1. Quick one: which of B:Leu187, B:Leu231, B:Leu195 is part of a helix (DSSP H, G or I) and at pLDDT below 80?
2. Tell me which of these A:Val70 doesn't satisfy, since it passes every other one: (1) over 26 Å from B:Leu184 (Cα atoms); (2) at pLDDT 80 or above; (3) away from chain B (no Cβ under 14 Å).
3. Might you check whether a residue that is modelled with pLDDT of 80 or more and in a loop (DSSP other than H, G, I, E, B) occurs anywhere in the range B:202-213?
4. Looking only at the range A:1-40, count every residue that is modelled with pLDDT of 75 or more, within 12 Å of chain B (Cβ to nearest Cβ) and part of a loop (DSSP other than H, G, I, E, B) and tell me the total.
5. Checking the conditions here, which among B:Ile175, B:Ile210, B:Ile188 is over 18 Å from B:Cys245 (Cα atoms), hydrophobic (A, V, I, L, M, F, W, C) and more than 14 Å from chain A (Cβ to nearest Cβ)?
6. Of the numbered conditions (1) modelled with pLDDT under 80; (2) away from chain A (no Cβ under 14 Å), B:Tyr157 satisfies every one except a single condition; which is it?
7. Let me confirm something: among B:Val105, B:Val128, B:Val110, which residue is in a loop (DSSP other than H, G, I, E, B), modelled with pLDDT of 75 or more, touching an Asp or Glu at 6+ places or on another chain (Cβ under 9 Å) and of a type in the set (A, V, I, L, M, F, W, C)?
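The values are calculated or read from the model by the stated rules, or taken from the named source; none is laboratory data. Worth saying up front: this structure is predicted, and the values here are computed from it rather than measured. Cβ placement follows ideal geometry from the backbone for every residue including glycine, while neighbour counts extend to all protein chains displayed.
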Amino acid sequence: MAFTLYALIQTAILFTNAVAVLHEERFLSKIGWGAEQGIGGFGDEPGIKAQLLNLIRSVRTVMRVPLIAVNSVCIVLLLLFG
Amino acid sequence: EMEYPNQSGFRQRKLQPDVRMRGTPVDPSDPSLLFDDTSAGGNTHEHSGVGKGPDVYPGQALLSDPMSNLAMAYGSSLASHGKEMMDKNLDRFIPISKLKYYFAVDTVYVGKKLGLLVFPYMHDNWEVSYQQDTPVAPRFDINAPDLYIPVMGFITYILVAGLALGTQNRFSPEILGIQASSALVWLIIEVLAVLLSLYLVTVNTDLTTIDLVAFSGYKYVGMFVGVLAGLLFGRMGYYLSLLWCCVSIFVFTVRIERYGAVISKTLLFMYLSLSFCFYL
């Protein structure tokens, strides 16, 4: 399996896009992964599920704007160079 | 006086051309001296450090052509300013001083560490000795992580893989580059997976990212030993040595951590989930 750095960048962009489009109300709350359901206790054992939910929410919040820029650049590059 | 504006600092730089143009005799009949002085002046710029501007001009001959002086002074100050800015910015992204710690190895350490990588079963004391809250340099402690062995192992693996491909008549110069970038990508993926697992399992560890890169890079030693054995001893040798190195690296990784069983639990969790995914 020969990966190139370009494939890695593509994978990273696709993964981040996938995490960023998980909608809070329509999807995550329905399957019990909403943001408010994760912050169960404030002890020092938040558990894996709470950490995962935290990660998804923070990725959504942080990466929204940079993802817009990166996706625009990708669209332009793919239009120009196929 | 001609020397004074030369030795002043950055702020006075703008004044220099005026002073020189006012009082300098133009000397167009000596271009060779101009060239020599330029290079020597350039060298003294390099040696004299950053941000101080031109300090010492060898003799007055350099002042014979004010325009080239001005250009050289400006160019060298720009270069030194750019170099210092780049160093500062680079230091923010890649901590250069911390990187130097990881390469402070010597021959004895490398030999012992390589032996430990393929045979970690007899080693008793896996604690890393500290020195005022920072780990001791790898020169003095065999348990400390370093980056020299992973880098050298990586390069050796690429070369040996190229050699193996060559014996099978599948070699071409692009293959080396493809193998190198492919192995690098796998390393990045593995380090990211370990970081993700560490974050999910909420351990408090003082393992930095570079430590994780170092630990993930140790497996290249096992990989190229396997390929080498496969070259020398055929298929059976390749599989046997690969199995041996896998078990050794696994035992080594489980034992090296500074936080007891936590990291090994994390790694076990990550590898089990990864292997489950691959099985699917």
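1. Values: B:Leu187 fails: at pLDDT below 80; B:Leu231 fails: at pLDDT below 80.
On inspection, the qualifying residue turns out to be B:Leu195.
2. (1)
3. For the range B:202-213, residues modelled with pLDDT of 80 or more and in a loop (DSSP other than H, G, I, E, B): absent.
4. 1
5. Numbers: B:Ile175 fails: more than 14 Å from chain A (Cβ to nearest Cβ); B:Ile188 fails: more than 14 Å from chain A (Cβ to nearest Cβ).
It is B:Ile210.
6. The single condition B:Tyr157 does not satisfy is (1).
7. Values: B:Val128 fails: modelled with pLDDT of 75 or more; B:Val110 fails: in a loop (DSSP other than H, G, I, E, B).
Testing whether each residue is in a loop (DSSP other than H, G, I, E, B), modelled with pLDDT of 75 or more, touching an Asp or Glu at 6+ places or on another chain (Cβ under 9 Å) and of a type in the set (A, V, I, L, M, F, W, C) leaves just B:Val105.
Yes/no matrix, rows are residues, columns are (1) more than 29 Å from B:Tyr109 (Cβ to Cβ); (2) in contact (Cβ under 8 Å) with a residue 40 or more places away in the chain; (3) under 20 Å from the mean Cα position of the chain (by Cα); (4) surrounded by 17 or more Cβ atoms within 10 Å (Cβ to Cβ):
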position: B:Ile149; (1), (2), (3), (4): no, yes, yes, yes
position: B:Asn169; (1), (2), (3), (4): yes, no, no, no
position: B:Ala180; (1), (2), (3), (4): no, no, yes, yes
position: B:Ala183; (1), (2), (3), (4): no, no, yes, yes
